[in-house]
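The values are calculated or read from the model by the stated rules, or taken from the named source; none is laboratory data. Just so it is clear, the structure is predicted and the values come from calculations on it, not from any experiment. All Cβ positions, even for glycine, are placed from backbone atoms using ideal geometry, and neighbour counts span all protein chains on display. For the accessible areas, the whole protein counts, side chains as well, though only heavy atoms, and no ligand, DNA or RNA atoms are used. Shrake-Rupley method; radii C 1.70, N 1.55, O 1.52, S 1.80 Å.
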Amino acid sequence: MTDRARSEPRFPLLARAYPPAVAVLLAVLVIALVRRPLRAFDTYFHLRFGEEFRHDWSIAHPGQLSSASTNDWVPTQWLPQVVLSQLDDSFGTTGLVLAFAVLVVAFATATYLLLRRHAGPSVAITLTVVVVLGCLPSLSLRPQLLSYLFLVAVLAAWDRARATGRPPWALVPLGWLWATCHGMWIIGVAASALLAVLVLVERRPRRAQALALLAVPAGMLLAALVTPVGPRLLTAVLLVNSRADYFAEWAAPELLTVRAAPVTVLAAAAVLLLVRRHDVRPYDLGLLAMGGAFALYSGRTLPLALVTLAALVAPELARRGGHRPVRRPELLVALGLAVAVLAVAPTQDLVDDPADRVRPFAERLDALPPGTRVLTDWPVGGVLLWLEPRLDVPLHGYGDVYTDAELERYADLDHLEPGWDRTLAELDPGVALLPDDSPLAYALEHDGWTVAQHTLELVLLAPPAR
């Protein structure tokens, strides 16, 4: 049997119809997703921080929003924060929705094109759907979405370098941009360093070419250190591990769960496909190791694992079916679906907005004197930073601004650990806005705080008279 006969699909009509049909379903999924750009409360404190950077704060040495946080912190997400704040000022919520839609469409399209380099449309679109489904819990209007997109660019650039031997110099300015957008910039540098070494091992180039390839990750690192933040940016990297106990998304994930099923399936598929080969190359093993490290490190890096493992699985599956280069009709379909998503996005009603929980209390909160300290949990505090900028909100979930000691005290306060009452006295809040079923709300009511307003989810409490 000839190679051409083996590559011909058994059901040619189904083979032609499957990729566009799945692409349409993916577009419908993305349309449903972009109705929820604000579902993570983090978006609101990013908007507030962007506002501060635009008007009062220095990028190199930012300020604090409350005296309850005293860390000499380093901004790692200032550029998208400024852009989001400006978009909200200029276009309101419509601008934020469109920004989210553009980022999600760009991520899905870039992932598809990355996989399409080595696989046919059916394999590429199927794996893209798996990646997007696995990323759903992490896809909201936050700067971390840029890190997911930038990693796709890194993988594509080194895949081309692997084939051509030419250094991917475009990654150097990307390193600068990444360092202004999100703290995962260091992952881009580390991934580039690993992939550069693997390309050297496979291609064994001459010394000058080898040095040029190694200069790319070095250039990315140097570019990151000449942003307006400067070399202090490196100190922010050291804080991540110490914060895992206080923020669930930085803790190691449970891989045998429904949420982690896509990455677990891709990891298993990658291992099985490589085991069956007798000519596994170092670059492939490097991708497997990198994807596995992302999967084990934290919940926040699961999307990075998905993209990396999909980039490994796609060419392995293509070995069994072959593939043809991307053609113009295929690009037109992708462009048409992207335009359709962007056209529909701003016409939809938003859902899953955490601010909807807080807005019923707006009248009472507006009546408080400026500077009144409001005790909250992280999600409510993050929203209040944006909705009520006159008030002092000590707990809001932007972990960089707190010292480790402060994070521990505030976690103890939330869980009523020994010493919580001393922390409460030090904060001296004028009111508390807490989840109705939280232990802290119950304890405050037991200590004489009175209910000023109540909804199904939150309760506004006033302290006892002094």
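Along its three principal axes, how long is the stretch 25-136 when you only count alpha carbons? Whole Å, largest extent first please.
Principal extents (Cα only, largest first): 55, 28, 21 Å.
Please report the antiparallel percentage of DSSP beta bridges with both residues in the chain, rounded to the nearest 5.
Approximately 75 percent, going by the DSSP bridge assignments.
Placing one identical point scatterer on every Cα of the stretch 139-250 and ignoring solvent, what is log10 I(q)/I(0) from the Debye formula at q = 0.11, 0.14, 0.20 Å⁻¹?
The computed values of log10 I(q)/I(0) come out as -0.38, -0.59, -1.02.
Suppose every K and R has +1 on its Cβ and every D and E has -1 on its Cβ; what is the size of the dipole of the chain about the Cα centre, in Debye to the nearest 20?
3620 debye
No solvent, one uniform scatterer per C-alpha: report log10 I(q)/I(0) for the stretch 342-466 via the Debye equation at q = 0.10 1/Å, two decimals.
Once normalised to I(0) and log-transformed, intensities are -0.33.
Taking the inverse of the average 1/r across all pairs of different Cα atoms in the stretch 94-188, what Kirkwood radius in Å do you get?
This gives a value of 14.2 Å.
With the full set of protein chains in place, find how many percent of the accessible area of the stretch 70-222 is carbon and sulfur; take the probe as 1.4 Å.
68 percent
Taking only protein heavy atoms and a 1.4 Å probe, what accessible area per residue, in Å², does the chain have with all protein chains in place?
I get 46 Å² per residue for the chain.
Using +1 on the beta carbon of Lys and Arg, -1 on that of Asp and Glu, and nothing else charged, what's the dipole of the stretch 36-116 about the Cα centre, debye to 20?
Computed about the Cα centre, the dipole is about 440 debye.
For the stretch 308-466, what proportion of DSSP beta bridges, expressed in % and rounded to the nearest 5, is antiparallel?
75 percent
Work from the charge dipole of the stretch 318-420 (Cβ charges, +1 for Lys and Arg, -1 for Asp and Glu, about the Cα centre) and give the residue of L391, P370, L335 farthest towards its positive end.
Comparing the listed Cα positions along the dipole, L335 ranks first.
Over all directions, average the projected area of the Cα convex hull of the stretch 238-372 and note it in nm².
Dividing the Cα hull surface by four gives the mean projection, 15.0 nm².
In the calculated pair distance distribution of the chain, what percentage of Cα-Cα distances lie above 29 Å?
54 percent
Nearest 500 deg cm²/dmol is fine: what mean residue ellipticity at 222 nm does the chain get from its DSSP H runs of n ≥ 4 alone, each adding -39,500 (n - 2.57), divided by its residue count?
Per the formula, -19500 deg cm²/dmol.
Largest first, how would R364, R206, R16 line up by accessible area (1.4 Å probe)?
The residues order as R206, R16, R364, largest area first.
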